[in-house]
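To start, the structure under review is shown below, and the notes come after it.
No value in this document is a laboratory result; all are computed from the given coordinates. Note that this is a predicted model, so its numbers are computed, not measured. Cβ sites come from the backbone with ideal geometry, for glycine too, and all protein chains shown count toward neighbours.
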Amino acid sequence: MTVFAWLLGFLLPACGASGTHGLPIPAPFDGARIERGASPNTALAAPAGFDPPPDIVTPVYPVPPKRLYAAVRATAAAQPRTFLAAEDAAALQAQWVARSRLLNFPDLVAAQVLPASGDASRLVLYSRSVYGYSDLGANRRRLHSWLAAIEAAVAPVAR
């Protein structure tokens, strides 16, 4: 943690903490009941027709839900300064705290994998800032990055 983050922790306590510390344990994530605030510090990636409308439309993935969920977990684990905060593996959902490099600002990232027809699956990713009105696009960039990694992880192997 930087000196800036430590000092900022006096005003915004979660910035002075590490990992998931300083934040409450997230309630179970329900991708079907996302209520987005008026501030532009959130980003939602979800299938077409999702309510609320997503910023990024996710495809139907041609893999079983458990395989997609494993790819999501592996992607999150590979991210710097990202810590598992809660998980319900049976429901194929998890939540992480992702911290900014310089000031240690915490963002919350939630994922839920849903079954689709056949042996396919769908994905909901929701990233939101804990502090501030604007995130300067950080949450949207995070989702684009995670989605690219997930897509690469589940893409068919060319022979």
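Counted by neighbouring Cβ atoms within 10 Å, the residues GLU35, GLU151 run from fewest to most as GLU35, GLU151. Across segment 91-159, counting alpha-carbon atoms alone, Rg and Dmax equal 14.6, 48 Å. By how many degrees, between 0 and 90 and to the nearest 10, does the Cα long axis of helix 138-154 differ from the longest principal axis of the chain? Taking the Cα atoms of the chain, the angle to 138-154 is about 30 degrees. Counting 0.36 nm for each residue step from LEU103 to ALA89 and taking away their Cα separation leaves a gain of 1.9 nm. Listed from fewest to most Cβ neighbours within 10 Å, the set ILE150, ILE25, ILE56, ILE34 follows the order ILE25, ILE56, ILE34, ILE150. Between the listed residues GLY31, PRO13, ALA138, the Cα displaced farthest toward the positive end of the dipole of the chain, a dipole computed from Cβ unit charges relative to the Cα centre, is found at ALA138. For PHE29, PHE83, PHE10, the sequence from fewest to most other C-beta atoms within 10 Å is PHE10, PHE83, PHE29. Between the labelled values [x] 44, 36, 28; [y] 52, 35, 27; [z] 41, 36, 30, the entry that holds Cα extents along the principal axes in Å as derived from this structure is [y]. Cα axis of helix 65-77 to longest principal axis of the chain: angle in degrees, 0 to 90, nearest 10? In the chain, helix 65-77 runs at an angle near 30 degrees to the longest axis.
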